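Read-outs throughout are calculated quantities, based only on the coordinates presented, and are distinct from any laboratory measurement. Since we're looking at a predicted model, the values are computed, not measured. Positions of Cβ are backbone-derived with ideal geometry, glycine not excepted, and every protein chain shown enters the neighbour counts.
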Amino acid sequence: NTVAARYLSVAQTRNIIITTDVPANLTVGAYDEHIAFITEQLLDNAVKFSPDNSPVTIQATRAGKFVKLSIADQGPGLSETAQTKLFEPFSRGTDNLTFNNEGIGIGLYNTKLLVDSLGGSIKLYSNKPHGLVAEVKLPARAIQQPSTSTMYQPAIN
């Protein structure tokens, strides 16, 4: 809820509607702080590069032995080459639009390092006709008892 609250005021100012579809029964083998960091980095980029009056969608599903978290925006998108370079340190894409925004290009690099260390994967792909989807897969954890390491669920509808 803390991560979502940080972006709610920015999103509301620009009339960006953040919707979530995250089932309560999804759990991953990671600390809440790790999930929050990953979500924050991806949500920050989605909101930052989305045009006013557009949606940002957060969705999580079970995919075999993994939980898949996807954050989709309607921003300008990037070429496939630029998408892969965004995981390199200090990379900010090749679009002139990306240079009008804050950042030094280490958010996605650090996110990838964390996702890799958790045994997961991260990729970006086009959200045609425009925009970008960031997809993270992390190892799922079976629910055996109530746990504090659950999938982050923003309280935004």
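Counting Lys +1, Arg +1, Asp -1, Glu -1, what net charge surrounds residue 55 among other residues with beta carbon under 13 Å of its beta carbon? Provide the component values of the computation, followed by the final result.
Working: positive: 14; negative: 21, 52, 73.
Taking every Cβ under 13 Å from that of residue 55, the sum is -2.
For the stretch 21-97, what percent of Cα pairs sit more than 17 Å apart? Write out the running numbers ahead of the final one.
Values: 1631 of 2926 pairs.
Here the tail beyond 17 Å accounts for 56 percent of pairs.
Can you sort 109, 7, 31 by how many other beta carbons sit within 10 Å, fewest first?
Values: 109 16, 7 21, 31 12.
Fewest-to-most Cβ neighbours within 10 Å comes out as 31, 109, 7.
Which lysines, on any chain, are close to residue 65 with Cα under 18 Å apart, when same-chain ones fewer than 8 places away are left out?
Counting by Cα, and skipping residues close in sequence, residue 65 has these lysines nearby: 123, 137.
Show which aspartates and glutamates lie in cross-link reach of residue 68 when reach means a straight Cα distance below 15 angstrom and same-chain residues fewer than eight apart are skipped.
Output for residue 68: 21, 116, 135.
Taking H as built 1.01 Å from N, whose amide H comes closer than 5 Å to the amide H of residue 17, not counting residues under 5 places away?
Amide H neighbours of residue 17: 54, 56.
Over the stretch 2-139, what lengths in whole Å, largest first, do the semi-axes of the equivalent ellipsoid take, defined as the square roots of 5 times the eigenvalues of the alpha-carbon gyration tensor? Each step should come with its number before you reach the end.
Working: eigenvalues 97, 66, 38 Å².
Those come to 22, 18, 14 Å.
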